[in-house]
Structure formats: C-alpha cells, structure tokens
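For reference, the structure is listed below as structure tokens.
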Amino acid sequence: MSVDLQNLENIPRHVALIMDGNGRWAQEHGLSRIEGHKEGAQSVRSVLRAAARAGIEYLTVYAFSTENWKRPPQEVDGLMKLLINSLNSYEQELHDNKIRLRVMGQFERLPLPVRMRLQKTIDATADYTDHTFIVALSYGSRTEIADAARRIAEKAKAGKLDPKKIDEQTVADHLYLPDVPDPELMIRTSGELRLSNFLLWQLSYSEFYITETYWPDFREEHFFKALEAYNARDRRYGGVR
Ligand code: IPE
Ligand code: IPE
Ligand code: MG
C-alpha cells in the first residue's frame, strides 16, 4: 500500500542515509560491483526527488567513507567516475527542485576532477534555501570530531576561547557543517546494524530505520515507508510521557 504523505504529522527536517548493499545487489544479479553502484545512483535520484516532495529540508547521504579508500583501486576509481557522471545527470534535478548541494568530509583527498565537478554544482546551487542535499565523501565521523577537537585546542591556545567554557555547543560549532541541524531520522539499507563511522555526534538522539532492502532497490516508496515509521515513533529524549 502506498503511503499518503498528507497523513504524516511529523516529517523530519533532516534525514541521513547510509546507502548500503550495492555490492550484494550486483552479486545477486550476476553483475559487477560497479554495476551495483550505478543502479544505486538511480536510487539517489529517486530519493532526492522524494525528499523534496515530502518537504524535507536536509538530506545527507553517506556516499564514500574514509574507510572506503581501502577498497580495490578499480572500485574506488569507478566510484569517483560515477560521482562525476551522476552530478552531470542530476544537476537539472537540483535546479528543478531548488536543492542546494553541499559536501562533508575530506574534500582535499578527492581527485581533482571530482573536486572541480563538485565545486561547479556547489556554486551553481549555493543560493537555494528550500532543500539541501549533503553528500558525505571521504567522510569519517571520528576524523570529524578529532578535527573539531584540534581546532578548539588551537583557539584555546591562542587565547580566543576559554577552556572552562567548552560545552556541547562548542563541539557542535566546530564540526564540518555547524549550521545544519541534527538528523531526526537515520536510514540504513541492506540490514546492517551499525553506524560505520557515520555522524556519531549528530545521530546521538536520532531515530534509526534499518531495512533489509539493498540500496539499488530502495526507491521513493521505500523512503516514504521510512517516513511513516518515523511518524509513529515516540521520542522521549530520556524523559517520561
Ligand atoms: C554501498 O554499497 C556503497 C558504498 C559503500 C560506496 P557497498 O559497496 O558497501 O555494498 P555491499 O555492502 O558490499 O553489498
Ligand atoms: C558504509 O558502508 C559507508 C557508505 C555507505 C558509504 P560500508 O559498506 O562501507 O560499511 P561496512 O563495511 O558495512 O561497515
Ligand atoms: Mg557495504
């Protein structure tokens, strides 16, 4: 049965997604891993449109982790090329839905053609305020937190910040995208029950939705199902109701 968005009272402002299972999907279809990633790119397009339709302000997708650099060079290379091709094919989608593109992660570690292609779309969509599409690339949450700690320490050493005044907000303010609110909902496809170094700080009170569906099979209707599940959650934040 399809989900009627009108019936959902609580739509999250920010949804984070661990897009997993491309390799297993490909294997089950007798295809190469990169074919799985290509099909997964179609799911990104579908979910991007679905999120805009549902009125979600921020969609963050985990596209490549700091740990993913360990994969065979031909897979890493294939993923980087796919990123460029995907941007070429979704750019119009971003303009049509007034979606701003941002990236989070070790930008400088990405190959130059990827950085240039990303920067072009980041600049071209920078003025959109309705929706933001955040792509986590060469992203690792522990690195993000360690970088924040280093920058806080440098400021304290330079006398610009009083160590006694360091609190949760100080840490949050030194993460990669401090202006972005924490995700209310985190979706992981392919059934794995782990965070794999994704947004450890930001997901500390988020609702988790894990589905067995592999990422290349996850489309608009699956995304709406996740929103429906979120709508039914009772968020207590440690209190009582
Ligand atoms: C997710 O699919 C895509 C990336 C991590 C880049 P996987 O490639 O991890 O697929 P599985 O987990 O091997 O099935
Ligand atoms: C997490 O998936 C990273 C991305 C989706 C980009 P992985 O497939 O790399 O994670 P593990 O290996 O299952 O932890
Ligand atoms: Mg995986």
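When you scan the range 1-96 for helices (runs of 4 or more DSSP H) that lie fully inside it, which ones turn up with 3 or more residues that are within 13 Å of ligand 2 (Cβ to nearest atom) and surrounded by fewer than 20 Cβ atoms within 10 Å (Cβ to Cβ)?
So the answer is 73-96.
Of everything in the range 97-114, what is charged (D, E, K, R), within 24 Å of Ala148 (Cα to Cα) and surrounded by fewer than 17 Cβ atoms within 10 Å (Cβ to Cβ)? Give them in sequence order.
Of everything in the range 97-114, those that are charged (D, E, K, R), within 24 Å of Ala148 (Cα to Cα) and surrounded by fewer than 17 Cβ atoms within 10 Å (Cβ to Cβ) turn out to be Glu108, Arg109.
Per-residue answers, yes or no, for (1) under 28 Å from Thr213 (Cβ atoms); (2) crowded, with 19+ Cβ neighbours inside 10 Å; (3) at pLDDT 95 or above:
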residue: Met116; (1), (2), (3): no, no, yes
residue: Thr125; (1), (2), (3): no, yes, yes
residue: Tyr139; (1), (2), (3): yes, yes, yes
residue: Ile145; (1), (2), (3): no, no, yes
residue: Ile152; (1), (2), (3): no, no, yes
residue: Lys155; (1), (2), (3): no, no, yes
residue: Ala158; (1), (2), (3): no, no, yes
residue: Lys165; (1), (2), (3): no, no, yes
residue: Leu193; (1), (2), (3): yes, no, yes
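When the residues of the range 195-211 are filtered to those that are within 14 Å of ligand 2 (Cβ to nearest atom), closer than 21 Å to Ser43 by Cα and not polar (S, T, N, Q), which remaining residue is farthest from the chain's Cα centre (by Cα)?
Ile210
Being away from ligand 3 (no atom under 16 Å from the Cβ) and under 30 Å from Leu5 (Cβ atoms), is that true of even one residue in the range 108-115?
No, because not a single residue in the range 108-115 is away from ligand 3 (no atom under 16 Å from the Cβ) and under 30 Å from Leu5 (Cβ atoms).
The values are calculated or read from the model by the stated rules, or taken from the named source; none is laboratory data. This is a predicted model, so every value here is computed, not measured. Heads up, the Cβs are rebuilt from the backbone with ideal geometry, glycines too, and the neighbour counts pull from every protein chain shown.
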